[in-house]
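Heads up, the thing below is written out as structure tokens.
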Amino acid sequence: VHEPDGFREFVGARSGALVRSAWLLTGDEAEAEDLVQTALAKTWSRWSGVVRQDAPEAYVRRVMLSTFLTWRRRRWRGELSVAVVPERPDPRDAFAGVDLRPSVQAALRGLPPRQRAVVVLRFFDDLTEAQTADVLGCSVGTVKSQSAKALAKLRECQLLAGTWDEEVSRDGG
Amino acid sequence: VTGVEKRLTELLHSAAPASGGVAFEDVARRVRHRRSVVWSVAGSAATVAAVSVAVSLIGASGGGQSSRPATGPSVDLAGAVPWIDAPAQPYRPPTVSPPAPPATDARPCTADDVGASFAGRDGAGGHLILYVRFRNTSRSTCVLKGYPHVTATEPGLPDEAATNGSFFPTAGTANMAPGQDTFLGLETDTYCTARPGGGGGEPPYHHIHIVLPGGGPVSLDQPAEGFDITCGLHLTEFFVPQPEQPQPHDPLSDLQASLETPPSVSAGSTLIYVADLSNPTDQPISLDPCPGYIESASAPRPVKEIYALNCAPVGAIAATRTIRFEMRMHIPANTPAGPLTIHWALLAPSVTGSATVNVAATPTSAQS
């Protein structure tokens, strides 16, 4: 199989960041790598055209998101609801980031896939609403409404209760 | 950007685990695999026949995983169902029909039937909601449904009527037996055309007047916080929180998995092992539709494969019986010598097994 120019370097340089985004989408390290590998494999044959458009990562992200949304429709991904709510971390704890992982993971799993995708693109990948709409192939209005709904659900999520306390008083709701 | 959005960004960044990314070689392997699948699907009859011969030759030499056959000690495959290189079908959990909607045919509650009190608040994205709990204090069942007529009042200020419809979704309502509750949400907003910059002054309204659909006024005072209705006062319909739906039971989840692995395997070869699926119940468990399974190992890069189980020769696993299934997994050539944990899971809830196999030192790895 012919190796496209620059593809190997792109994988080496950017796949780590893609896997982190994919983890937030899938909530599982192995599935995240699976998703990124699948997106990259789909991009392989179009690489020269993608590079000419000067935004290869945006293209790969678009493929990754559409693959994720397709998987969510077609495949069971082994997600199970938990009977016992994990303990919430102490924000002063140096390992709070690590301890937060299951809570964030569970909270994201509580969102429908499209809202989860919007949250990851807007608040992790730091895309604008217009860029997010472009990646997801929807309108900016849809991104806004999905984002608002997702934020509402995350704010209601018991697993993250306490996380927003300061912001609630600051934002006035 | 609001504080909540900033906090969410921080949360996501602190939660997402660091990753070294994926290996180019793994992507290239997928590309080769995708192409072979496309070939086998798109080819003519003659081509398909030719590919079938090629596949059977590959199968005879250790599967479609393009690696050397297993070397070293192996497990006993006597009586095991042979491994097949077949894609897993999507998992379809058993379905249950949703419960019938609760009855809402009781007489309408009047103000004399209920006691009202505030019951907590919540907020999201500039929307604030205050819940009102109505408890049936009468001796008979009644129902609160639809929207009441609600007015915010304050001496010296004009009365403000609430509008129907809220940002916050709610469940449906139900008949309310004596002692049971029904809720109503009162929403105020931080942002609107009248106040595009958000924020607000002292909430000026402290009294809420509710006329129930069944008749009669209910008045509530909230002197402590009050209502800032610059952006209006919006209502949910009456609602009763719905209990969570029970998850349907999948008989496949009763199966128990364990692995039989050889003591060692060489890097770059195909590990041949056995997955034992046991049925501890007193009922047979059908393998139709045939479940898939996932096998994985984590060195040096995660290896993960998803296949269909070879269900055809089995059909079902009889009560209290165990069926042995031959399994294969490619062990990458650059896997370091030492213990390697193999994880196996049926694509059904909670059926997993794992085992450790020792990767034998090869001349190459021994030198490095």
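Being part of a loop (DSSP other than H, G, I, E, B) and closer than 15 Å to residue B:240 by Cα is the filter here; which residues of region B:101-117 pass it?
Correct list: B:101, B:102, B:103, B:104, B:105, B:106, B:109.
Return the pair list, or none, for Cβ contacts closer than 7 Å from residues in region A:10-31 that are within 7 Å of chain B (Cβ to nearest Cβ) to residues that are buried (at least 24 other Cβ atoms within 10 Å of the Cβ) and acidic (Asp, Glu), at least 6 apart or on different chains.
A:19/A:33
Name the residue, out of B:333, B:355, B:366, that is surrounded by fewer than 18 Cβ atoms within 10 Å (Cβ to Cβ) and at pLDDT below 80.
Criteria check complete, one pass: B:366.
crowded, with 20+ Cβ neighbours inside 10 Å, closer than 21 Å to residue B:87 by Cα and over 27 Å from the mean Cα position of the chain (by Cα): does that describe residue B:273?
yes
Here is a list: A:116, A:155. Which entry is at pLDDT 85 or above, within 27 Å of residue B:187 (Cα to Cα) and charged (D, E, K, R)?
A:116
Looking at B:190, B:182, can you tell me which residue is under 34 Å from the mean Cα position of the chain (by Cα) and closer than 13 Å to residue B:236 by Cβ?
Within the list B:190, B:182, the selection yields B:182.
Only residues that are on the phi > 0 side of the Ramachandran plot and modelled with pLDDT of 80 or more: list them for region B:152-203, please.
B:156, B:165, B:179
Looking at region B:152-159, is at least one residue out of contact with any Leu (no Cβ under 6 Å at 6 or more places or on another chain) and within 14 Å of another protein chain (Cβ to nearest Cβ)?
no
If you scan region B:308-348, which residues turn out to be under 17 Å from residue B:91 (Cβ atoms) and either in a strand (DSSP E or B) or acidic (Asp, Glu) (or both)?
B:308, B:344, B:345, B:346
Tell me the residue from B:116, B:86, B:103 that is of a type outside the set (Phe, Trp, Tyr), closer than 30 Å to residue B:164 by Cβ and surrounded by 14 or more Cβ atoms within 10 Å (Cβ to Cβ), please.
On inspection, the qualifying residue turns out to be B:116.
Just a yes or no: is a residue in region B:300-322 crowded, with 17+ Cβ neighbours inside 10 Å and free of Cβ contacts under 8 Å to residues at least 24 places away in the same chain?
yes
Out of all the residues in region B:131-151, is one or more crowded, with 17+ Cβ neighbours inside 10 Å, closer than 30 Å to residue B:309 by Cα and at pLDDT below 95?
No, the conditions are met nowhere in region B:131-151.
The values are calculated or read from the model by the stated rules, or taken from the named source; none is laboratory data. Only a predicted model underlies this, so the values are computations on that prediction, with no experimental measurement involved. Using ideal geometry, Cβ is built from the backbone for each residue, glycine included, and neighbour counts are taken over all protein chains shown.
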